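S.K.: If you scroll down you'll find the structure; I have some questions about it.
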Amino acid sequence: MAKQFGIIFGCLLVGELLAMIPGLSIPGSILGMLLLTLLLDRKIVNPRSIAPVCKFLIKNMAFFFVPPGVALMLYFDVIAAEWMPITVATVVSIFLVIVVTGRLHQFLHQRIKKHSR
């Protein structure tokens, strides 16, 4: 199990190190996930080898939201003062994500359909 955690957290570490490159504005966690995805896709890492740890992490995911939730309580005064812009930004971003995702799906679906003929 230590090896499985090592693979996952190793990818996270490399992602965090890459994120320190000046001018690179992608979070290290995202880079780490992309690296792990690349390693899985290229069959450098066998998905079955990290499956038990992944299942454990997913099963206990709620636990990982406790620290950010507690930290959020420190900013209730800021949230109360700026609730309207926060709400508008949230609603607009949800709408944009839905529209962009739907359009991208339609575009890719049409493209795949066209190329499969």
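S.K.: Can you list the HN-Hα couplings for the range 60-72, worked out from phi with the Karplus curve (6.51, -1.76, 1.60; θ = phi - 60°), rounded to whole Hz and with x for Gly and Pro?
M.R.: Working through the residues one at a time gives 10, 4, 4, 4, 6, 8, 5, x, x, x, 5, 5, 4 Hz.
S.K.: What list of ³J(HN,Hα) values in whole Hz, one per residue of the range 81-91 in order, does the Karplus curve 6.51 cos²θ - 1.76 cosθ + 1.60 (θ = phi - 60°) give from phi, with Gly and Pro shown as x?
M.R.: 6, 10, 5, 5, x, 5, 5, 4, 4, 5, 5
S.K.: Let me ask you something else. Which trypsin sites (Lys or Arg not before Pro) does the range 1-102 hold that lie in a coil by DSSP with at most 15 other beta carbons within 10 Å? Working shown, then result.
M.R.: Details: sites: K3, R42, K43, R48, K55, K59; in loops: R42, K43.
Counting only loop positions with at most 15 other Cβ atoms within 10 Å, the trypsin sites (Lys or Arg not before Pro) in the range 1-102 are R42, K43.
S.K.: Among (i) 1.20; (ii) 1.45; (iii) 0.98, which one is Cα Rg over 2.2 N^0.38 Å computed from these coordinates?
M.R.: For Cα Rg over 2.2 N^0.38 Å, the calculated option is (ii).
S.K.: Ignoring ligands, DNA and RNA, what percent of the accessible area of the chain is carbon or sulfur (1.4 Å)?
M.R.: Numbers: 7340 of 9860 Å².
Carbon with sulfur: 74 percent of the solvent-accessible area.
S.K.: Decide, for the range 41-84, between rounded, prolate and oblate: order the square roots of the alpha carbon gyration tensor eigenvalues as a ≥ b ≥ c, take rounded if a/c falls under 1.5, and otherwise choose prolate if a/b is larger than b/c, else oblate. Spell out each step's value before the answer.
M.R.: Details: a/c = 5.70, a/b = 2.90, b/c = 1.97.
It comes out prolate by the Cα gyration axes.
S.K.: Grab the DSSP H runs of the chain that are 4 residues or longer, score each as -39,500 (n - 2.57), total them, divide by all residues and round the 222 nm result to the nearest 500 deg cm²/dmol.
M.R.: Numbers: 7 runs with 96 residues, N = 117.
Helices in the chain give a 222 nm mean residue ellipticity of -26500 deg cm²/dmol.
S.K.: Quick check for you: with a 1.4 Å probe and neighbouring chains kept, what is the accessible area per residue of the chain, in Å²? Working shown, then result.
M.R.: On the way: 9860 Å² over 117 residues.
Ligands and nucleic acids excluded, the result is 84 Å² per residue.
S.K.: If each of L38 and L57 carries a label point 7 Å out from its Cα toward its Cβ, how far apart are those two points in nm?
M.R.: Each label point lies 7 Å from its Cα, and together they span 1.7 nm.
S.K.: For V45, list long-range residues whose amide hydrogen, built 1.01 Å from N in the peptide plane, is under 5 Å from its own amide hydrogen.
M.R.: L40
The values are calculated or read from the model by the stated rules, or taken from the named source; none is laboratory data. From a predicted model like this one, the values you see are computed outputs, not experimental measurements. So basically every Cβ, Gly included, is an ideal-geometry build from the backbone, and we count neighbours across all protein chains shown. For accessibility, only protein heavy atoms count, side chains too; no ligands or nucleic acids. Shrake-Rupley method; radii C 1.70, N 1.55, O 1.52, S 1.80 Å.
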